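So the structure is just underneath, and the comments pick up after that.
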Amino acid sequence: MEIPAFTIKGLDSIAEIEQIPYSQRFTETNTYDLLVSGASKDPGAVALSFLLNGDLYQRPTQITYAQLLGRIRQTANMLHSLGVGPTDVVTYVLPSLPQTHFILWGAEAAGIANPINPLLEAPTIRDICNAAKTKVLVALGDLPGSQIWPKAESIRKEIPTLEWTIRVMGPSDEANRIVGYDEKIDQFPADRLTFDRKISPDDTASLYHTGGTTGTPKLARRTHFNEVIMAWDIMVMGGFETKETLLCGLPLFHCNGTIVTGLAPFGGGSHVVLLSPLGYREPTVMKNFWKIVSHYKAATFSAVPTVLSVLLDIPTAGEDISSLKYVVCGAAPLSVELFKRYEAATGMKILEGYGLTEGAVASSINPRDGERKVGSVGIRMPYQQVKVVVVDDSGKKVRDAAQGEIGAVCIKGPNIFKGYVEDQHNKNIWVDGDWFNTGDLGRLDEDGYLWLTGRKKELIIRGGHNIDPAMIEEPLYTMPNVKMVAAVGRPDPHAGEVPVAYVEVAAGAGITAADIMAWAKEKIGEKAAIPKEIIITPQIPLTPVGKIFKPALRWDATRKVYEDELKTLGPMAESVTVTVGEDKVHGTRAMIRVKAAPGVSKEEVAAKVKEILARYTVYYETAVD
């Protein structure tokens with residue numbers, strides 16, 4: 001795949017690119033052919049440098065393009081020998097290793113890849129495998145400090161479709177249908193595929209887990225061409241160059257890690273530095289980050305806001321980071337204040353973008369050669385469409401939104417997935433036929449820049465008044481020594497819910513919740529948006545890819561309210577425990593367990609709990625011992 005040198009200034013640049021149909025831009029229509037094309041540019045060039053940890057950045061394991069393609073072919077051939085065909089699913093549960101890339105792209109060449117977050121609990125991994133109808137499960141061997149293999153072992157017999165398990169860094173056990181990857185891989189040829197498969201552009205390449213409650217995972221079905229054109233778009237909008245170096249710190253179970261710092265650079269012949277098995281979560285990687293940039297002359301890296309926040313606290317200490325052209329930031333909204341702080345500290349550009357797994361990873365980005373509107377997520381990518389639609393409560397279109405009007409962000413194009421595996425998740429996801437309703441709220445300005453305004457479910461509705469969490473978060477981010485902020489709704493007996501803010505502050509800052517509340521009252525322009533409470537927390541919960549996990553904060557806020565209210569049980573109860581979490585029927589559920597005091601009946605306690613919580617809307621269940 002050849003990438004012309006485009007100048008990307010705005011929508012006019014995108015329109016100029018689109019004058020030539022994408023079918024004439026490149027001939028590769030599946031991920032295997034794209035990888036073959038990338039490797040052919042210079043088979044002896046280094047494709048992948050793997051760092052065991054940040055302290056060992058000068059001693060990488062390096063893999064050339066010839067070796068990368070050879071291992072992918074060997075893996076595909078191994079999988080084919082185990083009976084994997086075009087419609088069979090290969091699930092992997094692995095940290096970020098070179099073998100993870102071999103297995104991902106080998107699985108797509110032979111069948112369908114299904115990446116899973118290795119930090120998930122065993123029952124959730126099992127449920128995803130069953131939803132995907134996994135035929136082969138690939139897992140890391142039983143190594144010190146890793147729980148991946150014990151989890152895999154505990155669920156293997158609970159996956160009816162499972163025929164083989166492949167153990168990376170571990171021995172074979174033929175009696176139990178376990179294949180040792182590292183000891184068996186060299187039995188298969190590296191110079192060709194041993195099977196004859198014509199991969200159609202519309203063949204399913206991967207199933208990515210995008211969420212869903214336990215027992216009903218949401219698996220996004222993506223085609224080969226979805227991923228190929230996404231890789232082309234990433235290379236064009238990022239201006240990737242052959243042999244240029246990119247850093248990969250995001251996990252290889254997430255499509256940012258696999259596409260933005262995987263398929264795209266591999267397809268263009270670039271060099272990827274894999275920042276340890278744990279990526280950005282490895283403390284030594286962050287400690288040595290600027291040394292790594294300097295050593296490898298990295299041109300760019302992909303990150304989420306929390307990574308940039310950490311890097312702000314790490315001085316460059318005189319390291320030469322002039323090779324960095326920009327950083328691509330996405331996955332979660334970036335604070336305007338953090339944006340400004342980071343650029344001032346590093347002197348490099350941030351290209352903030354937006355996308356979803358369902359859109360193969362990215363749909364818009366700020367143009368690298370044009371105006372970067374701070375706070376927006378940029379303009380649409382080539383051959384993709386973005387529009388904002390006003391929908392009713394059932395998700396049906398009412399009308400297209402006017403310029404600047406907030407509505408549901410919808411996307412369309414050859415990168416859009418083919419729906420979720422389980423039909424129950426496909427209800428009301430399409431608007432106007434083939435426009436995917438992302439569930440995000442946003443607006444388009446006069447220049448075609450997309451501005452996200454939150455997710456519909458994240459809005460705090462205080463007595464019928466809609467409050468965008470960003471209205472609270474942005475002012476608090478401007479306070480010195482505030483590292484991270486998340487505003488959520490707390491249940492309220494009068495207003496339905498009221499805003500509260502969880503705040504993570506810099507170590508040793510000495511600021512109190514009262515200090516932050518005073519700042520909030522001064523800086524937040526709308527009285528209804530001023531938080532009812534500031535909660536300083538040692539660490540705001542994050543998803544494995546670095547997004548703030550707001551559901552956990554809403555659950556915590558609900559727990560605190562219910563616990564406080566239930567103190568009024570007084571002498572009726574010896575103890576009260578409240579746990580709050582996700583519920584596949586009610587969305588959120590509070591489980592209240594009360595130990596009744598001697599002489600007090602269970603029925604009397606249950607009735608009192610019902611009376612106390614009568615005006616709250618969060619679903620709860622009560623168990624009295």
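Could you work out how far apart the two model spin labels at Ala45 and Ser23 are, taking each label as a point 7 Å from the Cα in the direction of the beta carbon, and quote it in nm?
Using points 7 Å along Cα→Cβ, the separation is 3.0 nm.
Only four residue types carry charge here, +1 at the Cβ of Lys and Arg and -1 at the Cβ of Asp and Glu. Report the dipole size of the stretch 535-608 about the Cα centre in Debye, rounded to the nearest 20. Don't jump to the answer; show the numbers that get you there.
Details: 12 positive and 9 negative charges, 52 e Å.
Around 240 debye, computed over the stretch 535-608.
Please name which of Val90, Ala15, Thr165 has its Cα lying farthest along the dipole of the chain towards the positive end, using unit charges on Cβ (Lys, Arg +1; Asp, Glu -1) and the Cα centre as origin.
After comparing all options, I get Thr165.
Between Lys157 and Gln424, 0.36 nm times their residue separation minus their Cα-Cα distance comes to what? Intermediate results must be reported in sequence, preceding the final value.
Working: separation 267, 0.36 × 267 = 96.12 nm, distance 2.62 nm.
The Lys157-Gln424 span can extend by a further 93.5 nm.
Check cross-link reach from Lys291 to the lysines: straight Cα distance under 18 Å, and skip same-chain residues fewer than eight apart.
List returned: Lys325.
With r defined as the distance between the Cβ atoms of Thr64 and Thr478 and R0 fixed at 45 Å, what FRET efficiency is calculated, to the nearest 0.05?
Working: r = 48 Å, r/R0 = 1.06.
So, using R0 = 45 Å, E works out to roughly 0.40.
Once Lys and Arg get +1 and Asp and Glu get -1 on their Cβ, which of Ala573, Val272, Leu247 lies farthest toward the positive end of the dipole of the chain?
Projecting each Cα onto the dipole axis, the largest value belongs to Ala573.
Can you order the peptides 523-536, 103-116 by their average number of other Cβ atoms within 10 Å per residue, highest first?
Values: 523-536: 16.1, 103-116: 27.4.
Going from most to least packed, we get 103-116, 523-536.
So, with +1 on the Cβ of K and R and -1 on the Cβ of D and E, and no other charges, what is the size of the charge dipole of the chain about its Cα centre, to the nearest 20 debye? Let's see the in-between values first.
On the way: 66 positive and 74 negative charges, 91 e Å.
The calculated dipole for the chain is roughly 440 debye.
Out of all DSSP beta bridges in the stretch 459-543, what portion is antiparallel? Express it as a percent rounded to 5. Working shown, then result.
On the way: 13 of 17 bridges.
Percentage antiparallel, nearest 5: 75.
Kindly express, to the nearest 10 degrees and within the range 0 to 90, the angle between helix 65-81's C-alpha long axis and the longest C-alpha principal axis of the chain.
The helix 65-81 is inclined about 80 degrees to the chain.
Can you pick out the pairs among Lys198/Lys387; Lys373/Lys560; Lys373/Lys547; Lys133/Lys243 whose Cα atoms lie more than 28 Å from each other? Numbers along the way, then the final one.
Details: Lys198/Lys387 35 Å; Lys373/Lys560 39 Å; Lys373/Lys547 22 Å; Lys133/Lys243 39 Å.
Flagged as over cut-off: Lys198/Lys387; Lys373/Lys560; Lys133/Lys243.
Report the dimensions of the stretch 453-576 along its three principal axes from the alpha-carbon atoms, largest first, rounded to Å.
46, 37, 33
Using modelled backbone amide H atoms (1.01 Å from N, in-plane), which distant-in-sequence or interchain residues come within less than 5 Å of Lys483's amide H?
Amide H to amide H, under 5 Å and 5 or more residues apart or across chains, Lys483 pairs with Glu504, Val505, Ala506.
Would you mind getting me the FRET efficiency between Lys325 and Ala518? Use the beta-carbon distance for r and R0 = 35 Å, nearest 0.05. Display every interim value, and only then the final one.
Numbers: r = 41 Å, r/R0 = 1.17.
Efficiency, rounded to the nearest 0.05: 0.30.
Grab the beta carbon distance between Arg615 and Ala509, set R0 = 45 Å, and tell me the FRET efficiency rounded to 0.05.
0.75
Measure up Lys397/Lys521; Lys151/Lys602; Lys349/Lys397; Lys287/Lys340; Lys396/Lys608 against 31 Å on the Cα-Cα distance and list the ones that go over. Don't jump to the answer; show the numbers that get you there.
Working: Lys397/Lys521 38 Å; Lys151/Lys602 39 Å; Lys349/Lys397 37 Å; Lys287/Lys340 22 Å; Lys396/Lys608 42 Å.
Check vs 31 Å cut-off fails for Lys397/Lys521; Lys151/Lys602; Lys349/Lys397; Lys396/Lys608.
Which of the GluC sites (Glu not before Pro) found in the stretch 419-519 are loop residues per DSSP with 15 or fewer other Cβ atoms within 10 Å of their Cβ?
On the way: sites: Glu422, Glu446, Glu458, Glu473, Glu497, Glu504; in loops: Glu422, Glu446.
Filter output for the stretch 419-519: Glu422, Glu446.
Only the coordinates and a few stated rules stand behind these numbers; no lab work does. Just so we're clear, the structure is a prediction, and the values are computed from it rather than from any experiment. Positions of Cβ are generated from backbone atoms using ideal geometry, with glycine treated the same way; all protein chains shown enter the neighbour counts.
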